[in-house]
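What follows is a short report on a single structure.
The values are calculated or read from the model by the stated rules, or taken from the named source; none is laboratory data. Worth saying up front: this structure is predicted, and the values here are computed from it rather than measured. Cβ atoms come from the backbone with ideal geometry, glycine included; neighbour counts cover every protein chain shown.
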């Protein structure tokens, strides 16, 4: 199983677009080690740990607290479930994530308001939030630029994996 996508940065050293292949996932107080072979196929495990959270981590303060408590470099919602499911079924897993929102940046309210139940963007809620609080527009535009950088970096890595340039010698 492979968990891939965007993540929030917890480590201040990770900028938008940083790609990590964490060696482990921490979730629900338990540490799950990623499979070395799958990680190698994704470009090689980094020394990072990802925190599998139950929800979006939006504030700089919460990111700092989680980084200090767990040592995790990044946070996402899906990797914890993938790691737990893989462990329950004795299936190898790995994680490939690109940092979207860095540790030193809180998510603007519009970003949280606009996300629908399926993880998509509800444009009307987004516009309503910006219309009510227009001062968040610069932060929202910075987040959009960071998301573009993260998606581009993730797509580049996936392209390298799919074309076999990161696969181990067999």
*(1) in contact with a helix residue (DSSP H, G or I) (Cβ under 9 Å, 6 or more places away or on another chain); (2) surrounded by 21 or more Cβ atoms within 10 Å (Cβ to Cβ); (3) closer than 25 Å to residue 148 by Cβ: which one isn't true of residue 105, the others all being true?*
(2)
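Any residue at all in segment 56-72 that's assigned to a strand (DSSP E or B) and modelled with pLDDT of 95 or more?
Initially, segment 56-72 is screened for residues assigned to a strand (DSSP E or B), giving none.
No, the conditions are met nowhere in segment 56-72.
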*Please go through segment 1-51 and pick out each residue that is over 16 Å from residue 100 (Cα atoms) and out of contact with any strand residue (DSSP E or B) (no Cβ under 7 Å at 6 or more places or on another chain).*
1, 28, 29, 30, 36, 37, 40, 41, 43, 44
*Quick one: in segment 115-140, which of the residues that are closer than 17 Å to residue 6 by Cα and surrounded by 11 or more Cβ atoms within 10 Å (Cβ to Cβ) is modelled with the highest pLDDT?*
140
*Where residues in segment 17-52 are in a loop (DSSP other than H, G, I, E, B) and modelled with pLDDT of 95 or more, which of them is surrounded by the most Cβ atoms within 10 Å (Cβ to Cβ)?*
34
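A quick yes/no check of all residues on (1) at negative phi; (2) without any contact (Cβ under 8 Å) to a residue 12 or more places away in the chain:
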site	(1), (2)
71	no, no
81	yes, no
105	yes, no
110	yes, no
132	yes, yes
139	yes, no
143	yes, no
154	yes, no
159	yes, yes
*Output the residues belonging to segment 54-78 that are crowded, with 16+ Cβ neighbours inside 10 Å and farther than 20 Å from residue 15 by Cα.*
78
*So residue 92 fits all but one of (1) surrounded by fewer than 23 Cβ atoms within 10 Å (Cβ to Cβ); (2) assigned to a helix (DSSP H, G or I); what number is the exception?*
(2)
